[in-house]
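S.K.: Before I ask anything, let me first share the structure, which is written out below as structure tokens.
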């Protein structure tokens, strides 16, 4: 059975990407990255998702991106709330070179477990201006994986899959629901007020909530507040 | 003053690369990676080298590559000793995707501090078969840095410099000596027996010792054993 190494953040997108890889016939090895994110509950969400999807090998790699800083997700910068315009400029929640770091770690894991396929739940709309979710970035990274590994030298053809790249949030939710993802286990919020509650007001919460509404699928999430209510 | 972000491992090569960047007129920001390596004294060596070179901003990012494993440097695999043939096959000291991970972290730091130039002490001979030291890998990585960062989107032209790439170990030592590097502060050994003593028998020690001999420069290192003496 062909293996795929999948980035599993604990959010809605990566859970769907992991289910997509299983649906495509891959034996999935999952990697979560503990990067000093404020929203640490997402690591617990990743564990729950991995268990639900019966992923046997789920690794958590710690990398302290706080030593680099530069983002609302890792430094002492406020997470923006109630933004009406999502998209366009790169937001402060952008973590410098995050997906490059994550894909690099995923490449290392893929090499160790003999996986040729890397899967990331990157999405053009959701990531609202993050440069490291663009198709040209992902293609360039596949070349780095091929050239920078022993497996690549020995002929392994690495592929980077981003199956959600062009989907709307509603489209992702419909796909995942069809694949049996339990979205009640996932956490999207950048600034969760505690437990598995979503703040309801950061970009990620707003996109999540609107996605369930548009998909016409019941939203299992608990939101602390309605957007713009404060 | 133009800034460069430099990977500083604490070894002979990266110390020389940092001094090269200063000699080329860059304000150097240094990054060391605590990746769970067995040879942890190299982090202390990096601090000493940074102090000697008067690098004001030296950061240490922890990333636990032991969760990935697959190398003699991070897993419970013996470091090879007394190899007469260095080069050819990828050795067990190869850390899966290590330079990809390191350059990814360096890219994040470069973005935060406004550095356009990434410097790595990669060397074709020294790394004895490591795929992620090859020129084509480094070129592909520069493209990833450009495409995967906000700075790249905004027009920053990233360059990846590997000034030692084609030098012999003796050539590196001559270059660094001319630039004022104090090699007594550096540590190359993969398996140091303690303190700042070199084992004298791993690939890195053998190359280091031979390099000083060939350069005709006094070797300031302490070696525990002569190669092949056991």
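S.K.: Condition first: within 19 Å of residue A:54 (Cβ to Cβ) and in contact with a helix residue (DSSP H, G or I) (Cβ under 7 Å, 6 or more places away or on another chain). Now tell me which residues in region A:176-190 satisfy that.
M.R.: The answer is A:176, A:179, A:180, A:181, A:182, A:183, A:185, A:186.
S.K.: Could you say which residue among B:151, B:145, B:162 is over 20 Å from residue B:99 (Cβ atoms), in contact with a helix residue (DSSP H, G or I) (Cβ under 6 Å, 6 or more places away or on another chain) and within 14 Å of chain A (Cβ to nearest Cβ)?
M.R.: Only one candidate qualifies: B:151.
S.K.: If you don't mind, there's one more thing I want to ask. Could we say that residue B:218 is within 14 Å of chain A (Cβ to nearest Cβ) and under 21 Å from residue B:49 (Cα atoms) here?
M.R.: no
S.K.: Hey, another quick one. Inside region A:1-41, can you point out the residues that are over 19 Å from residue A:204 (Cβ atoms) and part of a loop (DSSP other than H, G, I, E, B)?
M.R.: A:1, A:2, A:24, A:25, A:26
S.K.: Within region A:198-230, track down each residue that is more than 30 Å from residue A:24 (Cα to Cα) and surrounded by fewer than 19 Cβ atoms within 10 Å (Cβ to Cβ).
M.R.: Across region A:198-230, the qualifying residues are A:222, A:223, A:224, A:225, A:226, A:227, A:228, A:229, A:230.
S.K.: So residue A:88 passes all but one of these: (1) modelled with pLDDT of 95 or more; (2) within 14 Å of chain B (Cβ to nearest Cβ); (3) surrounded by fewer than 16 Cβ atoms within 10 Å (Cβ to Cβ). Which condition number does it fail?
M.R.: (1)
S.K.: Just one of the numbered conditions (1) buried (at least 21 other Cβ atoms within 10 Å of the Cβ); (2) over 14 Å from residue A:185 (Cα atoms); (3) modelled with pLDDT of 95 or more is not true of residue A:16; which one?
M.R.: The one condition residue A:16 does not meet is (2).
S.K.: Considering only residues that are modelled with pLDDT of 70 or more, within 14 Å of another protein chain (Cβ to nearest Cβ) and under 20 Å from residue A:120 (Cα atoms), look in region A:48-82 and name the one that is surrounded by the fewest Cβ atoms within 10 Å (Cβ to Cβ).
M.R.: Selected residue: A:57.
S.K.: What about residue B:175, is it more than 11 Å from chain A (Cβ to nearest Cβ) and assigned to a helix (DSSP H, G or I)?
M.R.: Answer is yes for this residue.
S.K.: Is it fair to say residue A:108 is facing chain B (nearest Cβ under 7 Å), over 30 Å from residue A:212 (Cβ atoms) and over 17 Å from the mean Cα position of the chain (by Cα)?
M.R.: yes
S.K.: Shifting gears a bit: Sort out which residues of region A:100-126 are surrounded by fewer than 24 Cβ atoms within 10 Å (Cβ to Cβ) and modelled with pLDDT under 85, and write them in order of number.
M.R.: Hits for region A:100-126 are A:124, A:125.
S.K.: Now for a different question. Return only the number of the condition from (1) at pLDDT below 85; (2) farther than 30 Å from residue A:132 by Cβ that residue B:177 does not satisfy.
M.R.: Of everything listed in (1) at pLDDT below 85; (2) farther than 30 Å from residue A:132 by Cβ, residue B:177 misses just condition (1).
S.K.: Quick check: anything in region A:195-203 assigned to a loop (DSSP other than H, G, I, E, B), in contact with a helix residue (DSSP H, G or I) (Cβ under 7 Å, 6 or more places away or on another chain) and within 30 Å of residue A:113 (Cβ to Cβ)?
M.R.: yes
S.K.: All but one of (1) at pLDDT 95 or above; (2) buried (at least 19 other Cβ atoms within 10 Å of the Cβ); (3) over 19 Å from residue B:19 (Cβ atoms) hold for residue B:183, so report the exception by its number.
M.R.: For residue B:183, the exception is condition (3).
S.K.: Also, I was wondering about something else. Using the structure shown, decide if residue A:195 is away from every other protein chain (no Cβ under 14 Å), closer than 20 Å to residue A:33 by Cα and surrounded by fewer than 24 Cβ atoms within 10 Å (Cβ to Cβ).
M.R.: yes
S.K.: Turning to a different aspect of this structure: Listed residues A:57, A:34, A:27; which is without any contact (Cβ under 8 Å) to a residue 60 or more places away in the chain, in contact with a strand residue (DSSP E or B) (Cβ under 6 Å, 6 or more places away or on another chain) and closer than 14 Å to residue A:98 by Cβ?
M.R.: Testing whether each residue is without any contact (Cβ under 8 Å) to a residue 60 or more places away in the chain, in contact with a strand residue (DSSP E or B) (Cβ under 6 Å, 6 or more places away or on another chain) and closer than 14 Å to residue A:98 by Cβ leaves just A:34.
The values are calculated or read from the model by the stated rules, or taken from the named source; none is laboratory data. Owing to the predicted nature of the structure, the values given are computational and were not obtained by experimental measurement. With ideal geometry, Cβ positions are generated from the backbone for all residues, glycine too; neighbour counts draw on all protein chains shown.
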